[in-house]
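The values are calculated or read from the model by the stated rules, or taken from the named source; none is laboratory data. All values reported here derive from a predicted model rather than from experimental measurement. Note that we place each Cβ from the backbone using ideal geometry, even for glycine, and neighbour counts take in every protein chain shown. The accessibility values were calculated without ligands, DNA or RNA, using every heavy atom of the protein model including side chains. Shrake-Rupley method; radii C 1.70, N 1.55, O 1.52, S 1.80 Å.
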Amino acid sequence: MNLWLLLAALTATPVLAHHGWSEYDTNRPLNLVGTIESSSYTQPHGHVRLKTDSGSWDVVLAPPSRTESRGLVKSMLAPGQHAVVFGRFFCFRLRRY
């Protein structure tokens, strides 16, 4: 019985720790065009540093398994590649405890 509770707790933890879409401002779409300066293709999210005419942006991607299932593979994120990004601004919320 105790083993089952431990397994249930371990499998539930990643689900409870993961965020939803509420951290992003759906009223502020973001469209960027630029050149990839650097990228990482790791769990839980990939990242791209994108150089645009307005500066450099840190872009958070979906998990690699999701990007690959939609056709975005690691080789496409190489530095120097041209990229177009459609997304949402991240909301910074201060939490008081």
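General remarks:
- Verdict on VAL60 being β-branched (Val, Ile, Thr) and either in contact with a helix residue (DSSP H, G or I) (Cβ under 7 Å, 6 or more places away or on another chain) or within 15 Å of PHE90 (Cα to Cα) (or both): yes
- Restricting attention to segment 48-57 and to residues that are open to solvent by 80 Å² or more (accessible area, probe 1.4 Å) and in contact with a strand residue (DSSP E or B) (Cβ under 6 Å, 6 or more places away or on another chain), the residue that is farthest from CYS91 (Cα to Cα) turns out to be LYS51.
- Taken as a whole, the structure places ARG28 among residues that are at pLDDT below 85, open to solvent by 80 Å² or more (accessible area, probe 1.4 Å) and basic (Lys, Arg).
- Residue satisfying all of: in segment 50-92; assigned to a strand (DSSP E or B) and without any contact (Cβ under 8 Å) to a residue 12 or more places away in the chain; farthest from the chain's Cα centre (by Cα) among these: GLY55
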